[in-house]
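Student: This is the structure I have questions about; it appears just below.
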Amino acid sequence: MAKATLATPVELRLARRMARLGTETAFEVLVRARALEAKGRDVVHMEIGEPDFDTPSNIIEAATDALHKGWTHYGPSAGLPALREALAEEISRTRKVPVKAEEVVVVPGGKPIIFFTIMALVDEGDEVIYPNPGFPIYESMINFVGGKAVPIRLREKMDFRLDVDELRSLINDRTRFIILNSPQNPTGGVLTRKDVEAIAAAIGDREIMVLSDEIYSRLIYEGEHFSLMSVDGFKDRTILLDGFSKTYAMTGWRLGYGVMRPDLATHVARLMTNSVSCTASFTQVAGLEGLRGQQESVDVMREEFRRRRDRFVERINQIKGFSCRLPKGAFYTFPNITGTGWPSKKLADALLEDAGVAALSGTAFGEFGEGYLRFSVANSLENIDKALDRIEGWVKKNL
Ligand SMILES: Cc1ncc(COP(=O)(O)O)c(C=O)c1O
């Protein structure tokens, strides 16, 4: 039989929508840092957006036990009933609003809630207001579905809380969706209860759905977490995103969830059926242990992050060209670097290549991130000091 041979290689023709899909630079910087390490260089990793702690052992034991007991099969697309029930109780208690299990959808990580709810709710041409600087996946997904991405600038002078007057001025008849994130990545900004209530008042009775990304809700150093879902009349218009990645140091397990009205939950579950079928069953059993078991490890981790944050901010403020506010939540610091006279990306590259310190350019989080770098404090105090010594040395030589 004659074999068909191709005279020229077949050109890959991607669907047009792929040109609109963005990415998350953190992963790329990690690859570059690892490449330097492979060449024998020593790099302090401050680019990473995940706790450097191990998952608590009670959760690991629950997972291995679940594997031995046969939790190795497909489960329901919306999540195991017992976990949905436990999450409904948890959210009812912490957000002080009654939530039922049918309003919870368990997904592999917090990210799919961003993907699925934007897919489900944003049509071409719909306007979506999102924080900038902010988690890059928001803008990427809005563009991917053909929505119009409308950034709301988070300003340093407001401790990176959003300006509600500005939000009000951006809302119009085409606004279909708003994204909030508190505590915030990359700035560590935290919305106060007053802020959230003012945001609710600015939205008023418009038919706008709000994605409230609360993945860092348990990592707050000052004040209290307050959710839009807790505001009277906003339960039906809020999609609450939270998960296990940051709270229980479970980033690699892929376990998160969304809380939303049941008629939307059905559609998000259908997107699950169409994509990944379900979240891994044994992971969900382990998540149940995370929720119901000891919580001291969460407190220990938060207090350790607080110590590191304090050290980093105190020392970076003594380095020429850098100035940094004290972030109130998450495990990121977002120093202003305009005093160095260097653009963010160039400075991040130089610190990686010349000083062996991996950080992210503020521009990895959108155009309004120019003038800033993001340093994650998910690294030991010793390594944080090492990074600061190196930055200090670099600045002395180059500025
Ligand atoms: C603001 C924000 N939302 C969502 C996520 C996604 O979390 P997960 O790893 O659980 O998908 C992250 C992760 O960095 C984040 O920073």
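The values are calculated or read from the model by the stated rules, or taken from the named source; none is laboratory data. Fair warning: this is a prediction, and the values are worked out from it, not measured in the lab. When we count neighbours, we look across all protein chains shown, and the Cβ atoms used for this are built from the backbone with ideal geometry, even at glycine. Just the protein is used for accessible areas: all its heavy atoms, side chains included, with ligands, DNA and RNA removed. Shrake-Rupley method; radii C 1.70, N 1.55, O 1.52, S 1.80 Å.
Student: Could you go through region 217-223 in sequence order and give the Karplus-derived ³J(HN,Hα) for each residue, using 6.51 cos²θ - 1.76 cosθ + 1.60 with θ = phi - 60°, rounded to whole Hz, and x for Gly and Pro?
Tutor: For region 217-223, the Karplus curve yields 4, 8, 10, 10, 9, 10, x Hz.
Student: While we're looking at this one, here's another question. Using only the Cα atoms of region 16-110, what do you get for the radius of gyration and for Dmax, in Å?
Tutor: Values for region 16-110 (Cα only, Rg and Dmax): 19.7, 55 Å.
Student: Can you give the FRET efficiency for D205 and E89, using 1/(1 + (r/R0)^6), R0 = 30 Å, r = Cβ-Cβ distance, to the nearest 0.05? Present the calculation step by step, with values, prior to reporting the outcome.
Tutor: On the way: r = 30 Å, r/R0 = 0.99.
Efficiency computed from Cβ-Cβ geometry: 0.50.
Student: Sticking with this one: When you count, for each residue, the other Cβ atoms within 10 Å and take the mean per peptide, how do 68-74, 79-85, 338-344 rank with the highest first?
Tutor: Packing order, densest peptide first, comes out as 79-85, 338-344, 68-74.
Student: Something else about it: Quickly work out the F53-to-L170 label distance, labels modelled 7 Å from Cα along the C-beta direction, and quote it in nm with one decimal.
Tutor: Taking the two extended label points, one gets 3.3 nm.
Student: So if I restrict to the alpha-carbon atoms in region 171-293, what is the Rg, and what is Dmax, the biggest pairwise distance, in Å?
Tutor: Rg then Dmax for region 171-293, in Å: 15.7, 46.
Student: Another question, then. Give the shape of region 124-173 as rounded, prolate or oblate, defined through the alpha-carbon gyration tensor: a ≥ b ≥ c are the square roots of its eigenvalues, a/c under 1.5 means rounded, and otherwise the shape is prolate if a/b is larger than b/c and oblate if not.
Tutor: oblate
Student: Which one of M18, L167, P262 has its Cα pushed farthest toward the positive end of the charge dipole of the chain, where Lys and Arg give +1 and Asp and Glu give -1 at the Cβ?
Tutor: M18
Student: How much of the DSSP bridge set in the chain is antiparallel, in percent, rounded to the nearest 5?
Tutor: Looking only at bridges with both residues in the chain, the antiparallel portion is about 45 percent.
Student: So what are the radius of gyration and Dmax for the Cα set of region 175-228, in Å?
Tutor: Looking at region 175-228, its Cα Rg and Dmax stand at 11.4, 34 Å.
Student: Just the number, please: Stokes-Einstein D of region 45-157 in µm²/s, Kirkwood Rh from C-alpha pairs, 37 °C, 0.692 mPa s.
Tutor: D, rounded to a whole number, is 188 µm²/s.
Student: At 4 °C and 1.567 mPa s, grab the translational diffusion coefficient of the chain from Stokes-Einstein with a Kirkwood Rh over Cα pairs, rounded to a whole number in µm² per second.
Tutor: 58
Student: On the principal axes of its Cα set, how long, how wide and how thick is region 99-256? Give whole Å, largest value first.
Tutor: Ordered largest first, region 99-256 gives principal extents of 39, 35, 30 Å.
Student: Over region 257-399, with the other protein chains present, what is the accessible area per residue in square angstrom, probe 1.4 angstrom?
Tutor: Result: 40 Å² per residue.
Student: Just order 93-104, 322-333, 237-248, 213-224 by mean Cβ neighbour count inside 10 Å, highest at the front, would you?
Tutor: By packing density, highest mean first, the sequence is 237-248, 322-333, 213-224, 93-104.
Student: What does the charge dipole of region 314-399 about its Cα centre add up to, to the nearest 20 debye, if the Cβ of each Lys and Arg holds +1 and the Cβ of each Asp and Glu holds -1?
Tutor: Value, rounded to 20: 160 debye.
Student: How far apart, in nm, are two points set 7 Å out from the Cα along the Cα-to-Cβ line at T338 and at D159?
Tutor: My value for the distance between the label points is 2.1 nm.
Student: Evaluate the charge dipole of the chain about its Cα centre and quote only its size in Debye, nearest 20, assuming +1 on the Cβ of each Lys and Arg and -1 on the Cβ of each Asp and Glu.
Tutor: In debye, rounded to 20, the chain gives about 700.
Student: Tell me, how many Å apart are the Cα centres for region 263-291 and for region 46-114?
Tutor: 8
Student: Shifting gears a bit: Beyond 19 Å, how much of the Cα-Cα pair distribution for region 264-399 remains, as a whole percent?
Tutor: 60
Student: What are the semi-axes of the equivalent ellipsoid of region 226-323, taken as the square roots of 5 times the eigenvalues of the Cα gyration tensor, listed largest first and rounded to whole Å?
Tutor: 34, 20, 15
Student: On alpha carbon coordinates alone, what is the Rg over Rh value for region 234-274, Rh being the Kirkwood radius?
Tutor: For region 234-274, the value is 1.06.
Student: Calculate the dipole size of region 167-243 relative to its Cα centre from +1 charges on Lys and Arg beta carbons and -1 charges on Asp and Glu beta carbons; express the result in debye to the nearest 20. Kindly include the intermediate steps, with their values, before the conclusion.
Tutor: On the way: 9 positive and 12 negative charges, 39 e Å.
With Lys and Arg at +1 and Asp and Glu at -1, about 180 debye.
Student: Work from the charge dipole of the chain (Cβ charges, +1 for Lys and Arg, -1 for Asp and Glu, about the Cα centre) and give the residue of T333, P9, F305 farthest towards its positive end.
Tutor: Of T333, P9, F305, it is P9.
Student: In whole Å, what three semi-axes, largest first, describe the equivalent ellipsoid of region 340-394 built from its Cα gyration tensor (square root of 5 times each eigenvalue)?
Tutor: After scaling each eigenvalue by five and taking roots: 20, 13, 8 Å.
Student: Which shape class applies to region 215-261: rounded if a/c is under 1.5, otherwise prolate when a/b exceeds b/c and oblate if not, where a ≥ b ≥ c are the square roots of the Cα gyration tensor eigenvalues?
Tutor: oblate
Student: Separation between the E222 and R20 pseudo-spin-labels, each 7 Å from Cα along Cα→Cβ, expressed in nm?
Tutor: For E222 paired with R20, the spin-label model returns 4.1 nm.
Student: Among V196, S245, L347, whose Cα projects farthest towards the positive end of the dipole of the chain, with charges put on the beta-carbon of Lys, Arg (+1) and Asp, Glu (-1)?
Tutor: L347
Student: Short version: ³J(HN,Hα) in whole Hz for each residue of region 353-368, in order, from phi by Karplus 6.51 cos²θ - 1.76 cosθ + 1.60 (θ = phi - 60°), x for Gly and Pro, what are they?
Tutor: My calculation for region 353-368 gives 6, 9, 10, x, 10, 8, 9, 10, 5, x, 6, 5, 10, x, 4, 7 Hz in order.
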